[in-house]
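Peer 1: First the structure, then my questions, so here it is.
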Amino acid sequence: MTIYILWLRELKRYVRSRAQIIASLAQPMMYLMILGFGLSPVFQQAGQGSYLQFMAPGVIGMGILFTSIFSGIGLLWDRQFGFLKETLVAPVPRLHIMMGRTLGGATVAMIQGTLVLGVCLVAGFRPASLLAIPEALLFMALVAVVFSALGTIIGSSLKDMQGFQLIMNFLVLPIFFLSGALYPLNNLPRPLAAATRLDPLTYGVDGIRGALIGLSQIGPLIDFAVLLVVAGAFLALGARAFARIQA
């Protein structure tokens, strides 16, 4: 019951924040319009086909990444305004509280990713088959859980908004740019190729891209297995960090 209540609270907070919904769509639209159409002729001349088709799954992954990992900011707000303290004194396990918040953040990120997918369709992106969309949604859900759990780990470890923003600037952008969302991962220098393999979003973007347009450089089974393992590890670390939090 506690998990459901906190999950529903995160969902209601998102639905009521129309400004957040609009603002979170602005960045994916900018990438689609500026990069998707601006670099498309160069991508075609290199014999790689449509750049919009290639980058749209990466933009979907970006929307999920930013929304899910920034759900940790809500933890800092709740601590600042006292809601977290009221929640922690309730006679329920902290694990249930953490799971409710994390799953709520993941659900919000999934909704955001679906909205970005809709924007991509309007911009001209076309999946290989409508039957591939459920598989893409599965990878989107895994990405949302992974980075919502990471946001919980970070939010549980910090006490002020300044620290969170600092870590986000040094964490979120590298995660995005190393994921292969904007460029193919083949023929990279060895150090950069190794860094991309350490990035969980790499497997999420590759899985979404493989499902939607049939282009996978790693393989869907490997993508799924890695995301599942990372999600379990981050949830365990998030539960541990939340158990130690001081309101």
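Here, each number is a calculation from the coordinates, and none is a lab measurement. Keep in mind that what you see is a predicted model, and the values were worked out from it rather than measured. Methodologically, a virtual Cβ is constructed for each residue, glycine included, from the backbone with ideal geometry; neighbour enumeration extends over all protein chains shown.
Peer 1: Once a ≥ b ≥ c are taken as the square roots of the eigenvalues of the Cα gyration tensor of segment 98-209, is the result rounded (a/c under 1.5), prolate (a/b larger than b/c) or oblate (a/b not larger than b/c)?
Peer 2: Oblate.
Peer 1: Something else about it: Label points 7 Å out from Cα along the Cβ direction at residue 131 and residue 159: separation in nm?
Peer 2: Going from the residue 131 label point to the residue 159 one covers 5.7 nm.
Peer 1: Taking θ as phi - 60°, what are the ³J(HN,Hα) couplings along segment 150-156 by the Karplus curve (6.51, -1.76, 1.60), each to the nearest whole Hz, with x for Gly and Pro?
Peer 2: 5, x, 5, 4, 5, x, 6
Peer 1: Hey, another quick one. How many angstrom separate the Cα center of segment 181-237 from the Cα center of segment 140-160?
Peer 2: Going from one Cα centre to the other spans 18 Å.
Peer 1: Another one. Report, in debye and to the nearest 20, how large the dipole of segment 99-237 comes out about its Cα centre when Lys and Arg carry +1 and Asp and Glu carry -1 on their Cβ.
Peer 2: It comes to approximately 80 debye.
Peer 1: In addition: Place a point 7 Å from the Cα of residue 169 along the Cα-to-Cβ direction; which residues of segment 178-210 have their backbone N under 20 Å from it?
Peer 2: Correct set: 178.
Peer 1: Put a dot 7 Å past each Cα toward the Cβ at residue 222 and residue 122; how far apart are the dots in nm?
Peer 2: Taking the simple label geometry, residue 122 and residue 222 are separated by 3.7 nm.
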